[in-house]
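The values are calculated or read from the model by the stated rules, or taken from the named source; none is laboratory data. Quick caveat: nothing in here was measured; it's all calculated off a predicted structure. To get the accessible areas, we keep the full protein, side chains included, count just its heavy atoms, and leave off ligands, DNA and RNA. Shrake-Rupley method; radii C 1.70, N 1.55, O 1.52, S 1.80 Å.
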Amino acid sequence: MQAQTKFGSADFGRTPSSIQVHMPERLAHPGVEKGDISGGFSAERKHPVHIVDLPSHAISMTIGGLNPGGRSGRHRHTYETIL
C-alpha cells in the first residue's frame, strides 16, 4: 500500500489535482445512543455523552443528552454545535 501524504492549509499549492478516494467501511452509524456512554466525558460534563466513531481523521462528533431533571455545567464551545 502506498503511503499517503498529509496536507495542511499552507500546502494548498502542492495538493494534487486528483486524489485517491478511500471509502470507509461504514457510512451510517445507527443506534449510537443505544450503545455505551463515555464514562469520562459523561462524568466531566455531568450528562450522558456518546462518542460517534466517524470514518474521519479531521472531524469528531459526540451526542449528549440530559436526563430528566438533569442539567449540564456552565460551558462554551469553540467549535460548531448543533442543539
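At a probe radius of 1.4 angstrom, the accessible area of the chain per residue rounds to 97 square angstrom. Remark: segment 1-49 is approximated by an ellipsoid whose semi-axes, taken from the C-alpha gyration tensor as √(5λ), come to 36, 18, 10 Å, largest first. Could you check which residue among 55, 16, 68 shows the biggest mean-square fluctuation in a GNM of the chain with a 10 Å Cα cutoff? Checking each option, the largest mean-square fluctuation is seen for 16. Nonpolar atom fraction for the chain, defined as the carbon and sulfur part of the 1.4 Å probe accessible area, stands at 54 percent. Its Cα gyration tensor gives the chain an equivalent ellipsoid; the semi-axes, largest first and in whole Å, are 34, 17, 10.
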